[in-house]
Structure formats: C-alpha cells, structure tokens
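S.K.: There's a structure below that I have some questions on.
The values are calculated or read from the model by the stated rules, or taken from the named source; none is laboratory data. Nothing here was measured: the structure is a model prediction, and the numbers come from that model. Methodologically, a virtual Cβ is constructed for each residue, glycine included, from the backbone with ideal geometry; neighbour enumeration extends over all protein chains shown.
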Amino acid sequence: MSKAFYITTPIYYVNDKPHIGHAYTTIACDVLARFKRLDGFDVKFLTGTDEHGQKVAKAAADKGIEAIALCDQNSKNFRDLAATLGISNDDFIRTTEERHVKSCQALWKRLEDNGHIYLDKYAGWYAVRDEAYYDEAELTKGPNGERLAPTGAPVEWVEEESYFFNLSKWQDKLLALYDANPNFIGPKSRFNEVYSFVKGGLRDISISRTTFSWGIPVPGNDKHVMYVWIDALTNYITALGYPNEKDEYATFWPEAHHMVGKDIIRFHCVYWPAFLMAADLPPPKRVYAHGWWTVEGQKMSKSLGNAIDPNHMVAEYGLDQIRYFLLREVPFGNDGDFSEAAIAGRINGELANELGNLAQRFLSFIGKNLDGVLPAAGDLTGEDRELLSACYGLVDQCRGAMDRQAFHEVLESIWNVVRAANGYVDKQAPWTLKKTDPERMKTVLYVLAETVRHIAILMQPFTPHAMDKLLDQLAVPTDKRMFTDLGEANALQGGLVLPTPQGVFPRYDVKAGKGTA
Ligand code: ME8
C-alpha cells in the first residue's frame, strides 16, 4: 500500500482578489504535492476559500450585494487562479458548502459535550481586517492617535454575549505536544516563537458573534454564529469527510501538513491543535509558516495599488518561470522581494542559459550529427562516472530537503548537477571529439542525455510543463517519469530516435517585455 500525504493551503478570504502572495503558498503546496506523487505517495491536496465572517459580510455590504453573491464571484477567481497556475489540487473547498456546515457543527458539539465551551460576555478589541481579537496591551497608536492592531489594522470595541473556548486550560498540553514533536512547526524560528507565546500563558477565546449573521449558526443557539476562525480551520477535516472518522479521514489526517504564511501561525499552531485535542482528535503532523513577499521593496496593499496579479505574471514571464522564481529566489521561510530585475535574472541566467542551453546544445548536436539517434555509451571514464553518480544520488538529497520544505535546497542540489554538466560539456567538447574521436563523442552525448533525464524528472514538480517537453525530447515514455525510474536500472537505451529538439526556456527581454526564443 502506498504511503499517504495530505497537504493544504490556507483557505483564502473572498473579500479580495488573488495576488502573488496567495499564488506563492499555493504553488509551494503544488510543488510538494507533485513531488510526493512522483515519489509514490497517495496524495490529497486541498485548497479553497474562506467565505464567512465580518470582513466578507462588510465587503459585500460595501458593494451593495448579497454576501453569497460576493462569495460566488470571488471564490471563482481563486478557483480560476489555481487553473492558471497549473495547480494539481484534488479538492477545492468553500466554507459555505453544506458539507462544511455539518462538519463545523459536529466539531462544535464535540467541544461542547466535552465541556470546553461556555457562554459569557466578551468586551474587548476586534480587528475586522485580521478577523482577530486583541488585548489592550498589544495595541499601538496610529498617526492620529487611533488604536491599531499590531498588524496595523484598525480595531473596534466589541461588547456582546459570546461563547468561549477554554484555551487557558490547554497550555501544558500544547507545550507537551511541541516538546514531543519538534517538527510540528517549521521553520525552527517559528517553532520557538509559538513556544514562547504559549509559555507566556493563554486566555480563553471568544468563539461566537451575535452582531452579524454571516456565519455558521451555533448548534442550539442560532442567535450566535461561529467565530470565522473556528469555522475556517475546520475546513481541513471537512474535506476528509469529517464527522465520518473513517475512509479519507483515517487515511489522510494522520499525515496532515498545513502550509501557511507567517501571519496566521497562531491560529494554526495554537488554536487549531487545542480545538482538535479538546475534541479528542489528533493534531496535524506539521505546520510550515513561510515568509512574506513585498514588491520592489514595498508591502503589497490595496491603497498603494501595487499587489501583483498572478494572471499578469503568467502572461508576462511564463508559468514555469514564475513557479521556479518564487521557490528559488528566497530560502523558503524567509521574506522575499519581487522585482523585475530579479525574475529576469533567474529566467535568463538559470533557466535559459544554464538548463535550457545544456539540453539544447547536445540535443541539436545529436539532431545534426547523428540523425537524431541517441548513441549508446562506450567505456565510461572517471569523469563520466562522477557526473552519473551525482545524478543517482540526487533524489535522496531532494527528498531530505523536501521533507523540511526547503525548496531552495532541493533546487540548489539539482543546480549543482546542472552546473557540473555544463562544466562537463565544456571540458569534453563533443564538437572537437567529432573530428578527433567520434566514439568518445558518442559516450559523452549519452552521458549528457542520462544526466538531463535525471534533472528533468526531478525538476517536474517545479517546472512541469517545460519538463514534459524536455522528457518528450529525450523520448522518455510518460509512464517512466516517476522517481522509481531514476537510476542506472532504467537508463536510456542507445538507438532511441529523438524528436526534433525545441527550446524549453525562452529568454526574457527586459526592455521589450517579451520572451525571445
Ligand atoms: O488569512 N506574501 O486568508 P487570506 C506571502 N482566510 N504570502 C502571502 C502574502 C504575502 N504578501 N499575502 C497573503 C486568511 N499570503 C484566512 C486563512 S486558513 C484556515 C484561513 C498568503 O486571504 C499566505 O499564505 O488573508 C497567508 O497566510 C495567506 O495568503 C492569507 O490569506
């Protein structure tokens, strides 16, 4: 039986249009999902939209439309974006779906039956933009002396009857969870941040609202709707069929990996495991919080109007190019800055020159000089073996880094081989061997083909469309592109007829704003 792997993106608020930040998280999850599938895992990959709460209700009211109409429109934008980005999600959840209402109400009942929910009165600060409650001590002052959340969001005073979850009782159990599972949160710096937050003490949290109605009704008291975060977090088990705890839930929940931005770590690493433990359900296996993207040095914001539309990026630079850039430019976990110069540098320097040319040079050489027939290898030299053994060792390095979500390290290991292969071509100089030693030339071309086969199979999660083309050009059958097909046992056979080579990574011309082949 294959091993299971469950990966989720945050579900995105439908008050806003998708931008490059959302694309980043979703692409990272897609790369992970594709990598695991190629590695033989049974993968479930979930994304979707977060549609309830005051923020969405307010956005709909501002537009003068029904909340559900806004949700329908904007949820579709996120669904379309997933298609534009070539995302391989298995499900797309909307929190306004019936399956989700049932799941949230079942979880609420469990928390209530287990004695972890009580009715009281809430009086405190709330930021609609963050959908979060803040203590007085956390607030800062704005330019006009107004109170602001630590995120800069405006806050309002809220006083209403509310259900509470007894989070304060979960401090020791959460600390025990972190102690027993040092990989529960990645990267390490975020683990430490969460650990010290919980160590500092927890307060019970308000989990229902009465002053608006755009939410899931609290079972048995429909004056209240659930706080949008308890509703949102539950999506991860709804999609596995909860409250049915068999079938997909039983297979995938023990292997749950949540990918989130650093802004929502507290919800995922403190509230969510506490809710689950209180409902006698196990916490997810791991939560990874990545960094934040700015644009040409500035925070993306509606008021600056500088949020980058991923559709525009795909049209401008190409899909595989963006996927590669986002995961290559910044060590995953750190913040990053998007700039035209940076993406152009990666496209031209690495994809077009280093990988694209490597493949094009020897493939067109075979096309021109050997009628497009892949030669067989003769005796291998030490240098041939060195390059091939670097290829054979690559998958283990990639696996190790991928399990830590160190995408940049995966790419760096692959690129070490790309660079070694370019060095090998320059040194072996097949164009000279053509005259001096045609048999040796054939061996060199064969070693290059085997090397590029390895690179292309391992690069599939990052640049799937270009790698499909490249593997086609190496005449690798579509059912021979899994990680089990790597290595010597499945090496290419001399005598294969290769199709006419075509470039897979065009250059990006910064001035003209267009790629040129
Ligand atoms: O928080 N850089 O939804 P949201 C990197 N509905 N990532 C970014 C980013 C940026 N500049 N901006 C956004 C919510 N993101 C809740 C989640 S989950 C149960 C509920 C990404 O629409 C990043 O993943 O505000 C961040 O966590 C997420 O979008 C927030 O999306």
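Results for (1) assigned to a helix (DSSP H, G or I); (2) over 31 Å from the mean Cα position of the chain (by Cα), shown as yes or no for each residue.
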{"position": "Thr432", "(1), (2)": "yes, yes"}
{"position": "Glu439", "(1), (2)": "yes, yes"}
{"position": "Leu445", "(1), (2)": "yes, yes"}
{"position": "Thr451", "(1), (2)": "yes, no"}
{"position": "Ala456", "(1), (2)": "yes, no"}
{"position": "Lys469", "(1), (2)": "yes, no"}
{"position": "Val476", "(1), (2)": "no, no"}
{"position": "Pro499", "(1), (2)": "no, yes"}
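S.K.: Would you please name the residue that is surrounded by the most Cβ atoms within 10 Å (Cβ to Cβ), looking only at residues in the stretch 213-263 that are within 11 Å of the ligand (Cβ to nearest atom), assigned to a strand (DSSP E or B) and hydrophobic (A, V, I, L, M, F, W, C)?
M.R.: Applying the filter and picking the extreme gives Met259.
S.K.: Residues of the stretch 306-360 being at pLDDT below 95, part of a helix (DSSP H, G or I) and touching a Pro at 6+ places or on another chain (Cβ under 9 Å), which ones?
M.R.: Pro310, Asn311, listed by residue number.
S.K.: When Lys285 is evaluated against the numbered criteria (1) crowded, with 16+ Cβ neighbours inside 10 Å; (2) within 14 Å of the ligand (Cβ to nearest atom), which criterion, by number, is the only one it fails?
M.R.: Among (1) crowded, with 16+ Cβ neighbours inside 10 Å; (2) within 14 Å of the ligand (Cβ to nearest atom), Lys285 violates only (2).
S.K.: Determine, yes or no, whether Trp108 is in the same structural domain as Asn221 (by TED's automatic domain parsing) and assigned to a strand (DSSP E or B).
M.R.: No: the conditions fail for Trp108.
S.K.: To continue, here is another question. Of the residues that make up the stretch 11-28, is at least one more than 14 Å from the ligand (Cβ to nearest atom) and touching a helix residue (DSSP H, G or I) at 6+ places or on another chain (Cβ under 7 Å)?
M.R.: no
Every residue, every condition in (1) crowded, with 21+ Cβ neighbours inside 10 Å; (2) away from the ligand (no atom under 16 Å from the Cβ); (3) among the basic types (Lys, Arg), yes or no:
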| site | (1), (2), (3) |
| --- | --- |
| Phe92 | no, no, no |
| Glu98 | no, yes, no |
| Cys104 | yes, no, no |
| Leu107 | yes, no, no |
| Glu112 | no, yes, no |
| Asp120 | no, yes, no |
| Trp125 | no, yes, no |
| Arg129 | no, no, yes |
| Asp135 | no, yes, no |
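S.K.: Just name the residue that is surrounded by the most Cβ atoms within 10 Å (Cβ to Cβ) out of those in the stretch 426-440 that are without any contact (Cβ under 8 Å) to a residue 24 or more places away in the chain and among the hydrophobic types (A, V, I, L, M, F, W, C).
M.R.: For the stretch 426-440, the residue satisfying everything is Leu433.
Residue-by-condition table, conditions (1) polar (S, T, N, Q); (2) surrounded by fewer than 23 Cβ atoms within 10 Å (Cβ to Cβ):
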residue: Ile7; (1), (2): no, no
residue: Thr25; (1), (2): yes, yes
residue: Val31; (1), (2): no, no
residue: Thr49; (1), (2): yes, no
residue: Gly53; (1), (2): no, no
